[in-house]
Amino acid sequence: MERLAVLYSGGKDSTLAARLLAPFYDLTLVTASFGVTGAHRHGVAAATALEYAHTVHRSDRGVAETAVDRLLEDGHPRGAIQSLHEHTLETVASTGSYDAIADGTRRDDRAPTVDRPMAQSLEDRHEVDYLAPLHGIGHGAVDYLTGMTFEVQTGPSESIPSADYERSLRTLLRDRGETVEEYFPAHDQSRVTGSR
């Protein structure tokens, strides 16, 4: 069976992607850590509750610092989130530990996204398959499917413990004396706590 890494935040999108692919691969959930927060433990907790193999992929804090520089320059988080996702895809794929790499990006995501040229480049350079099982699925359908399959905690981004890229960016903004709300619009976050 081929080995698959699913980039994993512990939220409903990446969890649904993992569930859809699990029957076909030797699956490992991979949570990114940039050494900024201990948020990766939320990915560990969700993976444990779902009984999936899990690992933490550690990257240098400087990667997140550079992403925050971009966020401040852009005035919004999209480019920063995209850069962290691309870095994580690239570095996990380059380990040679997996035959395939996947994420929970959806059809209607603004960031992160993976377009066809990026996916093809990743596959060609690292000899892996890239899978995006939610690419044709919108937010409403993801909510329905995850609601039928998982126990999900949902609420304002600041109050839901998650292991997504946003957590590191918010922390670094605060460390620099910035007002997080100026850059991140209010929105809900999800965290999977178990299966139904």
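The values are calculated or read from the model by the stated rules, or taken from the named source; none is laboratory data. Since the model is a prediction, treat every value here as computed from it, not as a measurement. With ideal geometry, Cβ positions are generated from the backbone for all residues, glycine too; neighbour counts draw on all protein chains shown.
Checked across the range 52-60, the condition of being within 22 Å of residue 136 (Cβ to Cβ) and at pLDDT 95 or above holds for no residue. Does the range 57-68 include one or more residues that are touching a Pro at 6+ places or on another chain (Cβ under 8 Å) and not aromatic (Phe, Trp, Tyr)? No, there is no match, as no residue in the range 57-68 is touching a Pro at 6+ places or on another chain (Cβ under 8 Å) and not aromatic (Phe, Trp, Tyr). So, residue 18, is that one farther than 27 Å from residue 144 by Cβ and within 16 Å of the chain's Cα centre (by Cα) or not? Taking the combined requirement at face value, the residue does not satisfy it.
Could you tell me whether the range 37-50 includes any residue that is in contact with a helix residue (DSSP H, G or I) (Cβ under 8 Å, 6 or more places away or on another chain), more than 24 Å from residue 138 (Cβ to Cβ) and either of a type outside the set (Ser, Thr, Tyr) or part of a helix (DSSP H, G or I) (or both)? The answer is yes, given that some residue of the range 37-50 is in contact with a helix residue (DSSP H, G or I) (Cβ under 8 Å, 6 or more places away or on another chain), more than 24 Å from residue 138 (Cβ to Cβ) and either of a type outside the set (Ser, Thr, Tyr) or part of a helix (DSSP H, G or I) (or both). What do you reckon, is residue 113 modelled with pLDDT of 95 or more and farther than 22 Å from residue 73 by Cα? Considered against the rule, which asks whether it is modelled with pLDDT of 95 or more and farther than 22 Å from residue 73 by Cα, residue 113 comes out as no. Of the listed requirements (1) farther than 22 Å from residue 67 by Cβ; (2) modelled with pLDDT of 95 or more, residue 139 misses just one: (2). Contact map, the range 9-22: first residue part of a helix (DSSP H, G or I), second residue among the polar types (S, T, N, Q) and at pLDDT below 95, Cβ cut-off under 7 Å, separation 6 or more or different chains; pairs are 12/190.
When the range 56-82 is limited to residues that are aliphatic (A, V, I, L, M) and closer than 25 Å to residue 6 by Cβ, the one that is surrounded by the fewest Cβ atoms within 10 Å (Cβ to Cβ) turns out to be 56. Does residue 42 fit the bill of being surrounded by 15 or more Cβ atoms within 10 Å (Cβ to Cβ) and closer than 24 Å to residue 180 by Cα? In short, yes.
Among the residues here, residue 112 does not qualify as crowded, with 16+ Cβ neighbours inside 10 Å and in contact with a strand residue (DSSP E or B) (Cβ under 7 Å, 6 or more places away or on another chain).
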